[in-house]
Amino acid sequence: MLLDSIRTQLDSLSKSERKVALAVLDNPSRTVSSNITALAKSAQVSEPTVVRFCRTLGYDGWHEFKLKLAQGLALALPGLNEAPSQDDLASDLVNKICSRSINTLLDLRNNLHHEPVQAALDILSRAKKIEFYGQGTSGIVAADAQHKFFRSGVPTVAYSDPAIHSIAAALLKKGDCVVAISQRGNSPALVRSVQLARDGGADIIVLAPSGTPLADLAHVLIPIDLIFNTDPYTPISARLAYLVVIDVLAVGLALQRGPEFRRQMQNAQKALQEFEVQFDSFIG
């Protein structure tokens with residue numbers, strides 16, 4: 001939600017904007033119920049500083065920021081900030097994990113702007129080759145992306161080994177595209193490979209938190225600003241946001257390429273289903 005985005009960007013804010021951020025994080029409900037004068041007083045800054053803080057986060061001003069914060073608090077489900085514990089019953093785990101996952105997706109829906117998504121689709125639709133890079137948990141997302149995109153008719157691969165994607169990146173050229181995926185956006189190996197690809201002329205699409213070294217290399221950044229300092233289980237829910245963005249791009253690319261391409265995808269799906277039937281008959 002918006003509060004997670006604020007926490008993620010704390011280190012990149014100016015000293016005075018950081019005061020506003022901390023005041024909001026200290027009591028989000030009070031922020032929603034008060035006015036800009038009260039928040040400025042609480043943060044010990046001027047009202048124009050509050051406005052600058054809102055604009056730094058990507059909002060037109062105080063009123064839009066306040067509305068988004070109120071919507072986020074209203075949509076949040078119980079269990080979002082409750083970490084699983086050893087004493088939890090199965091019912092507790094269902095509530096906590098599902099609530100966290102639902103909130104993650106609601107936050108993504110409310111904060112993911114269409115402009116970078118469309119810009120990414122424009123790059124993908126003209127790409128001669130698409131390579132997905134990710135490491136660790138993000139490597140799993142990259143593999144999922146490759147599985148969805150290889151049916152596009154464009155040569156598509158996924159690499160999670162730093163040595164391999166560094167070699168692959170060095171061979172890319174203008175007209176190729178890299179989609180770099182990272183939940184933290186600061187992996188030195190991934191940043192190096194993306195820089196190599198960019199130096200070679202490839203287009204760079206990044207799915208990562210804003211204000212990170214990887215985000216700074218993007219031609220198109222699809223920011224996914226989630227917080228990761230709560231407990232070890234957070235990345236499990238956070239991964240859902242990345243998988244959904246991949247789904248959006250895959251479906252968007254299929255639609256953008258027209259009906260003939262969609263028929264090809266349907267034929268591929270039909271061939272897979274026929275293979276599965278034949279295989280089941282063989283082993284039966």
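From the list (1) 21.4, 75; (2) 23.1, 78; (3) 19.6, 68, can you say which value of Rg and Dmax of the Cα atoms in Å was derived from the structure given?
Comparing each candidate, only (1) matches the computed number.
Roughly to the nearest percent, how much of the accessible area of the stretch 1-76 is carbon and sulfur, given a 1.4 Å probe?
50 percent
Tell me the carbon and sulfur percent of the accessible area for the stretch 112-257, rounded to whole percent, probe radius 1.4 Å. The partial results should precede the final answer.
Values: 3590 of 6210 Å².
Its accessible area is 58 percent carbon and sulfur atoms.
For the stretch 1-76, what does the alpha-carbon gyration tensor say about shape, rounded, prolate or oblate, given a ≥ b ≥ c as the root eigenvalues, a/c under 1.5 as rounded, and a/b over b/c as prolate?
rounded
Give me the 1.4 Å probe accessible area per residue for the stretch 1-76, excluding ligands and nucleic acids, in Å².
Accessible area per residue: 52 Å².
Can you give the helix-only mean residue ellipticity at 222 nm for the chain, where every DSSP H stretch with n ≥ 4 adds -39500 (n - 2.57) and the sum goes over all residues, rounded to the nearest 500 deg cm²/dmol? Don't skip to the end; give the middle numbers.
Numbers: 14 runs with 178 residues, N = 284.
Using -39500 (n - 2.57) per qualifying helix, the result is -20000 deg cm²/dmol.
If you roll a 1.4 Å probe over the heavy atoms of the protein chains, what accessible area per residue do you get for the stretch 112-257, in Å²?
43 Å²
Treating only the Cβ of Lys, Arg, Asp and Glu as charged (+1, +1, -1, -1), what charge dipole size does the chain show about its Cα centre? Round to the nearest 20 debye. If you can, show how the numbers build up before the last one.
Working: 28 positive and 28 negative charges, 154 e Å.
Dipole magnitude for the chain comes out near 740 debye.
So which lysines pass the test for Lys173, namely a Cα distance under 29 Å, with those fewer than 8 places away in the same chain ruled out?
Candidates past the 8-residue exclusion: Lys128, Lys129, Lys148.
Provide the gained length on full extension for the span Ala119 to Thr37, in nm with one decimal, where the gain is 0.36 nm per separating residue minus the Cα-Cα distance.
25.7 nm
Quick check of the Kirkwood formula: for the stretch 1-133, what is the inverse mean of 1/r over all pairs of different Cα atoms, in Å?
That comes to 17.0 Å for the stretch 1-133.
The values are calculated or read from the model by the stated rules, or taken from the named source; none is laboratory data. On a predicted model such as this, the values are computed, not experimentally measured, just so you know. Note that each Cβ is placed from the backbone with ideal geometry, even for glycine, and that neighbours are counted across all protein chains shown. The area values use the complete protein model at the heavy-atom level, side chains included, leaving out ligands, DNA and RNA. Shrake-Rupley method; radii C 1.70, N 1.55, O 1.52, S 1.80 Å.
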